[in-house]
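Undergrad: Just passing along the structure, written as structure tokens.
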Amino acid sequence: MEPIGFIESCFKDKFGTPRQPGLVKSAWAKLKIRADLQPEEALQGLEGFSHVWLVWVFHQNKVARYHAKVHPPRMGGKSIGLFATRTPHRPNPIGLSLVELVKVEKDGIIVSGADLVDGTPILDIKPYLPEIESIPNAKTGWTSEVSKDPIQVEFSEHASKLLEQWQQRNPDKKLKEVIEDTLRLDPRPVVYRGYEGEGAAPYRNKHAVRLFDGDIHFEFESATLVRVLDILFTHN
């Protein structure tokens, strides 16, 4: 199989990219389709749909060994069978995301809520059919047993000033919403959690996630409070 195109996303690294689609709705992404596939004709009729499925490849998955059981972050270190999860470490590194269709263009589409790192190869687009695919009473397995307290995001005075300047340079982007929604998901690996507010953590307390052309430096002051400390720009 050959990709039909590649995603242009605000998520530049695996770290910080949402683990599920639809969680950061303000994060738009663009898929430009290969010219030889005649996108202007191939996309005709898609504009009538509100959502689409994207079939794609975990192209940054470099783990060669197969593990039948994995450790989902939401399970706090417990293991479960990989086919009961959305882990990227699969026998075939194929992903499936339901995203909102924002706009159909001549050479591709704009979507929101994508959980895709920049440069992700897309294999296919399929329209979402709610009368067939929506099952309100479907069971959600172990995920229904996972409780999660809401996380509050605050900005230091320094970071707030930088964000305001950044927003002025990018009036078409919802920068604050993207940052807040991303950090509310707690992008940290499990090994870094549980030491909030402690000076002697066995790992680092401060982290950074890259969004667009900015590195968002943050720290969890408690399990439910994260503070943005600084924003560094990659073009500097």
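Computed from the coordinates by the stated procedures, all read-outs in this text should not be read as laboratory data. Quick caveat: nothing in here was measured; it's all calculated off a predicted structure. With ideal geometry, Cβ positions are generated from the backbone for all residues, glycine too; neighbour counts draw on all protein chains shown.
Undergrad: Using packing as a proxy for protection, rank 108-118, 25-35, 122-132 so that the peptide with the highest average count of other Cβ atoms within 10 Å comes first.
TA: Output ranking for 108-118, 25-35, 122-132: 108-118, 25-35, 122-132.
Undergrad: In Å³ and rounded to a whole number, note down the convex hull volume per residue for the Cα atoms of the stretch 167-236.
TA: Convex hull volume per residue, Cα atoms: 95 Å³.
Undergrad: Cα-Cα over 27 Å: which of 69/176; 106/161; 30/174; 30/139; 126/176?
TA: 69/176; 106/161; 30/139; 126/176
Undergrad: Another question about this same structure. If you take the Cα Rg of the stretch 36-95 and divide it by 2.2 N^0.38 Å, with N the number of residues, what do you get?
TA: 1.63
Undergrad: If you don't mind, there's one more thing I want to ask. Using a 10 Å cut-off on Cβ atoms, rank the peptides 100-107, 1-8 from the highest mean neighbour count down.
TA: Working: 100-107: 15.1, 1-8: 16.8.
Those peptides, ordered most packed to least, come out 1-8, 100-107.
Undergrad: Does the chain classify as rounded, prolate or oblate by the C-alpha gyration tensor (a ≥ b ≥ c root eigenvalues; a/c under 1.5 gives rounded; else a/b over b/c gives prolate, otherwise oblate)?
TA: In terms of gyration-tensor shape, oblate.
Undergrad: Something else about it: Going by the alpha-carbon gyration tensor, a ≥ b ≥ c the square roots of its eigenvalues, is the stretch 20-64 rounded (a/c under 1.5) or, if a/c is not under 1.5, prolate (a/b greater than b/c) versus oblate?
TA: Judged from the Cα gyration tensor, the stretch 20-64 comes out oblate (a/c at least 1.5, b/c at or above a/b).
Undergrad: Along each of its three principal axes, how wide is the spread of alpha-carbon positions in the stretch 46-166, in whole angstrom units, largest first?
TA: The Cα atoms of the stretch 46-166 stretch 45, 44, 36 Å along their principal axes.
Undergrad: Same structure again: Percent of Cα-Cα pairs more than 15 Å apart in the stretch 1-46, please.
TA: 58 percent
Undergrad: Under the definition of Cα pairs under 8 Å and six or more residues apart, what whole-number percent is the relative contact order of the chain?
TA: 26 percent
Undergrad: Could you give the length gained on full extension between residue 80 and residue 94, defined as 0.36 nm per residue of separation minus the Cα-Cα distance, in nm? Spell out each step's value before the answer.
TA: Details: separation 14, 0.36 × 14 = 5.04 nm, distance 1.93 nm.
Length difference between fully extended and current span is 3.1 nm.
Undergrad: Further question: Could you grab the relative contact order for the stretch 24-162? Cα pairs under 8 Å, six or more apart, rounded to a whole percent.
TA: Values: 174 pairs, mean separation 48.4, N = 139.
Once normalised by length, the contact order is 35 percent.
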